[in-house]
Amino acid sequence: MQYEILLGTGYEKFKMNSDSGELITAASLDREAQEIFSIKGSPLRSSTAQFCVTVLDENDHSPLFAETWYQISVTADREEGSVILDLSASDKDANLNGELMYSLIDDTYGAFAIDTVAGSIITTKALDRETKSQYTFRAVAMFCGVTVLIQDVNDNGPKFEQSYYKASVFATDLDSWLNGEIEYSVLSGNENATFLIDSALVVQAADKGNPRLSATSIVRIQVLDVNDSAPVVQPLSEVEVPENALPGFLVTQVSASDADSRRALQFGFIYDNSPEMKFAIDQHSDVIVVEPLDFEETSVYTLCIIVSDSVHQTEADLTILVLDLNDNPPVNLPEFIFMDATVLTLSAIDRDSEHNGTISYKILSSSEGFSIDHKNGSLFAMEPFMQLENISILHLLIEATDGGSPPLSAVTSIEVHIEDVNNCAPGFTKVLYNLSVSEDASVGEGVLLFSAIGCNWTRENTFIEYSIIGNNAENLFSVETSIMGSETSYKLVGSLVLSSALDRETATSYQLVLLASDCGTPSLNSTATVLITVLDVNDNPPVLSSPEYHVHVKESIPIGSHITEVSAKDYDAGSNAEITYAIISGNERGHFCLDGRTGSINLMKMLDYEDTTKFTLVIQATDGGTDLKNTAFAIVLVSILDDNDYAPLFLFPTLSCTISENLPTFSFMCSVCALDFDKGSYGHLTYSIQSSCLARHEAGRDHDMFFIDPLIGDIHTKQMFDYENQNRYCLIIQAKDKGDSLATTRVQNGAGQLIGRVTASDSDCGLDRVVHYSLLKPSPFFSVNQVSGNIYLTQTVHRRKNDTLKLLIRAHSPKIMTRFTICTVFSDPTVSAHSLTVSVSISLMMFLLLAISFITLTLRLKQKDMMNACVKKNPVASSAADVNSVREDKDCQKIQITESGMLPMGARAKWLSLAGLGEEKDDDVSCKHSDPSGHGYAEGEARENEEIK
């Protein structure tokens, strides 16, 4: 078989062994130029193979600053901690090789420091231009010069260079222009211009600035130090540094001293001997790493350190040992490697020539699964490593022997790591899980433990992740993973956890699909089904179909009749959903019974609308929970409908009413009222006039002369009545309920008889001139017409002989709170004309009439004289308060009105007071004041004025 490269990106940098198919590099690679190569290799006739070559990064690029030299200026009053410059460097390497750290390697005199990550240079103390006006130091990523110029602030006065002088005095002022010009003078200590060697002179130096600043100095004789001693470096021991030390790592600190006073020492390397700038030393004598180290490249460094006091210098050597780390990976082989595949090619070097330099190779250790080419050192795999029963690391000893005599050999160890191929999917211990969970299970509670097992052995291929992939749309469940096992083995166990509260009424069961996936490439997985049954908890109260039930029943329904039925449902299951019903209120008299299972309400006692019109029953529905019972309540409103079980009833079979003659149409006569003990609509009565109760020839059409209010029973007239025409009426009044039950009563009526008249006048104008008449006290026997002043007898008065009846009539204006006057009318006890019996002849009648006329004329003449005297002594009051002050003179004769009849037996005086009448014995009075002629009139005189007469 022959192998060759057909095509690919950058394939010219590779070549392939035509016999073995081994792909090797043909030119140096640069990851920063191209990181991935895709090459297709193929035997001539059989098949093709695609290779993807990824170039691993080597730290072959140094960091680069944007500039090689920075120069900045800052003011001397810059605060400590201020950022003066942000350095930025870049490195084309990747990952850790491209991460940069910054440091300062020259003496900054404690004035500056650098942020090792961000590269920001900050001040670490207050700057003073007069102490040092310029700083030059290097920053590490790549040595880069930085110069910081401090701008002058006029904040210093003159300062002597020395505190003590032996002979001459010289002062300097670091300010510029006039601020720096100095004048000298002796302030004290040189009186009379005499100078002694032991004397002390005070010298002042003042500048010409504004304001002027000055300084003083004392001149004394003093011995000055001379730099005549070299620095001394303490012995340096070997230092070990791991090869993975990052730039900035502190290696050691060099300790040096100088016998001269206050000598600042400077540290550095002799750069000619410095090995590729891997290390640096700062002004604090710290030796640090500035570039990555590699044990395989250089394991020992010897640094020549120089310490100087600016005149003398001292050298010392520092040895640094680089510690090896396991940073080179072993040979990795796939688990299913093909037979005779090349694992690697060993190469040994022998400097001898010819036969002595010929090298042969063999495997010293167990060679099961491997073979080696004795000539070129190629190591081959003989069989798939699946047969090695999960052995992941193999150690081989390879011997290289030359052809000399005696032969010489060398042995090397090869560690071969077998790469696990992810060819075994994890499998659940059960394919189907059945479990039951109570619906009141707490959130976060684990409901199931499960696990899956795989046959691979590497961590990636055996690390199993669990998840829910089906029927968990509401995220009620989640999976948590934990590790169970011993020190030598472990197993990843999944726990099915409740994430949200369950509700059996929403879902009675769940069917979840679990997924177990490993982390291999490609990832393999398997599934299992979890059937979860949710157990019921009595967490729902019964729900009644309605909070209120309204029922209407007749009071006559028989016992045992069905009234209504309440119903409730419970969303729980089993016994928790079994509901019982009970009446807890409103059935104290036992009218109803309730079936505890069906909720049916039936009648147990007869109903009576007149006794109770409504029942309010409180129904309780209780579920069948064991530990906790839930309840619900409803109200049943039973309204009793009335039956017409009572007929209307008049209390009296006959009712007497009176009405005066000459009253206007629609005048009120009286009112009738019937009783009906039904309380509903059957208790509402309507009234009507049916017919007259008098004989047909006597009644005429009495019932057409009146009308009655059908709802309240008020009887009114349809016309004006005349006593002389007809003085007696009789009506049959009917009361009827809505059930057509009837009741009747008789109403008898007689019209009023005109018995006299009073008149009054008023001298005012307008409405005040109008005079109205009314009885001062209501009377059942008399009435007065409000406009005309006619006095009517409304019913028969029975009285004894020689009794006199008194009636008080008030004359007033229609206005409220007006003036009025009172007139007294008396009734004569003589027999009326209606009671006389004509039993004598016409002659006797004429005789009697002449005698009566004579006597009457005589009496009236006497009455006139007495009335005139009475008016002069007793004027009439003009207000209501004066009514009681009206006195009646016994000698005053009154006009009498005659009426026949007798008073009933009993308290005659009391009956008369209720009727509004009094008793007098005088005759023929038609007004309180009358003249002897017998013609009556009304006249009143007020004390204040005489408006009403």
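Here are a few things to note about the model shown:
- Of the residues making up the stretch 71-130, those that are over 25 Å from Leu174 (Cβ atoms), open to solvent by less than 40 Å² (accessible area, probe 1.4 Å) and not in a loop (DSSP other than H, G, I, E, B) are Ala89, Gly98, Ser103, Leu104, Ala113, Ile114, Ser120.
- Strands (runs of 3 or more DSSP E) contained in the stretch 266-370 and holding at least 1 residues out of contact with any helix residue (DSSP H, G or I) (no Cβ under 9 Å at 6 or more places or on another chain) and at pLDDT 85 or above: 266-269, 279-281, 286-289, 300-308, 313-323, 359-363
- For the stretch 397-442, a residue qualifies if it is at pLDDT 90 or above, open to solvent by 30 Å² or more (accessible area, probe 1.4 Å) and of a type in the set (A, V, I, L, M, F, W, C), and exactly one does: Leu432.
- Strands (runs of 3 or more DSSP E) fully within the stretch 734-819 counting 2 or more residues that are modelled with pLDDT of 85 or more: 742-751, 772-775, 805-812
- Evaluation of Val636 against the conditions (1) exposed (fewer than 13 other Cβ atoms within 10 Å of the Cβ); (2) modelled with pLDDT of 95 or more shows that the sole unmet condition is (1).
- Test: residue in the stretch 659-673 that is closer than 30 Å to Tyr581 by Cα and open to solvent by 60 Å² or more (accessible area, probe 1.4 Å): no
- Among the conditions (1) touching a Pro at 6+ places or on another chain (Cβ under 9 Å); (2) modelled with pLDDT of 85 or more; (3) closer than 25 Å to Leu325 by Cα; (4) of a type in the set (S, T, N, Q), the only one that Ser257 does not satisfy is (3).
- Checked against the criterion of being open to solvent by less than 30 Å² (accessible area, probe 1.4 Å), under 48 Å from the mean Cα position of the chain (by Cα) and not basic (Lys, Arg), the stretch 581-589 contains one or more residues that satisfy it.
- Residue that is farthest from Leu594 (Cα to Cα) [pool: residues in the stretch 612-655 that are touching a helix residue (DSSP H, G or I) at 6+ places or on another chain (Cβ under 8 Å) and among the polar types (S, T, N, Q)]: Asn644
- Those strands (runs of 3 or more DSSP E) of the stretch 474-570 in which at least 1 residues are of a type in the set (S, T, N, Q), considering only elements entirely within it, cover 477-485, 490-498, 509-518, 525-535, 562-565.
- Within the stretch 464-475, if we keep just the residues that are surrounded by 15 or more Cβ atoms within 10 Å (Cβ to Cβ) and in contact with a Leu (Cβ under 7 Å, 6 or more places away or on another chain), the residue that is nearest to Leu524 (Cα to Cα) turns out to be Ile464.
- Among the residues of the stretch 562-580, those that are touching a strand residue (DSSP E or B) at 6+ places or on another chain (Cβ under 6 Å) and open to solvent by less than 30 Å² (accessible area, probe 1.4 Å) comprise Ile563, Thr564, Val566, Ala568, Ile579.
- Some residue of the stretch 44-65 being modelled with pLDDT of 75 or more, in contact with a strand residue (DSSP E or B) (Cβ under 7 Å, 6 or more places away or on another chain) and part of a strand (DSSP E or B): yes
- Test: Asp572 is touching an Asp or Glu at 6+ places or on another chain (Cβ under 8 Å), within 30 Å of Ser467 (Cα to Cα) and in contact (Cβ under 8 Å) with a residue 60 or more places away in the chain: no
- Candidate set: the stretch 377-391, residues that are surrounded by fewer than 17 Cβ atoms within 10 Å (Cβ to Cβ) and within 25 Å of Glu22 (Cβ to Cβ); chosen: the one modelled with the highest pLDDT: Met382
- Complete set of residues in the stretch 596-608 that are part of a loop (DSSP other than H, G, I, E, B) and either open to solvent by 70 Å² or more (accessible area, probe 1.4 Å) or hydroxyl-bearing (Ser, Thr, Tyr) (or both): Arg597, Thr598, Met604, Lys605, Met606
- Residue count for the stretch 685-704 satisfying the condition of being modelled with pLDDT of 85 or more, open to solvent by less than 60 Å² (accessible area, probe 1.4 Å) and not in a loop (DSSP other than H, G, I, E, B): 3.
- Residue pairs meeting the criteria (Cβ under 7 Å; at least 6 apart or on separate chains; first over 30 Å from Thr429 (Cβ atoms), in the stretch 520-546; second open to solvent by 40 Å² or more (accessible area, probe 1.4 Å) and of a type in the set (Phe, Trp, Tyr)): Asn540/Tyr571
- For the stretch 709-721, filtered to residues that are open to solvent by less than 70 Å² (accessible area, probe 1.4 Å) and not in a strand (DSSP E or B), the residue that is nearest to Pro664 (Cα to Cα) is Phe721.
- Of Asp611, Asp678, all but one fail to be among the charged types (D, E, K, R) and either part of a strand (DSSP E or B) or touching a residue at least 24 places away in the same chain (Cβ under 8 Å) (or both); the exception is Asp678.
- Options Gly41, Gly21: the member that is open to solvent by less than 50 Å² (accessible area, probe 1.4 Å), modelled with pLDDT of 70 or more and either at negative phi or over 60 Å from the mean Cα position of the chain (by Cα) (or both): Gly21
- Of all positions in the stretch 623-633, at least one carries a residue that is open to solvent by less than 20 Å² (accessible area, probe 1.4 Å), at pLDDT 90 or above and under 60 Å from the mean Cα position of the chain (by Cα).
- Against the list (1) within 16 Å of Ile320 (Cα to Cα); (2) in contact with an Asp or Glu (Cβ under 8 Å, 6 or more places away or on another chain), the condition Gly248 fails is (2).
The values are calculated or read from the model by the stated rules, or taken from the named source; none is laboratory data. Treat the numbers as computed from the prediction; the structure is a model and nothing was measured. Ideal geometry is used to build each Cβ from the backbone, glycine not excepted, and the neighbour counts take in all protein chains shown. Surface accessibility is based on the protein's heavy atoms, side chains included, excluding ligands, DNA and RNA. Shrake-Rupley method; radii C 1.70, N 1.55, O 1.52, S 1.80 Å.
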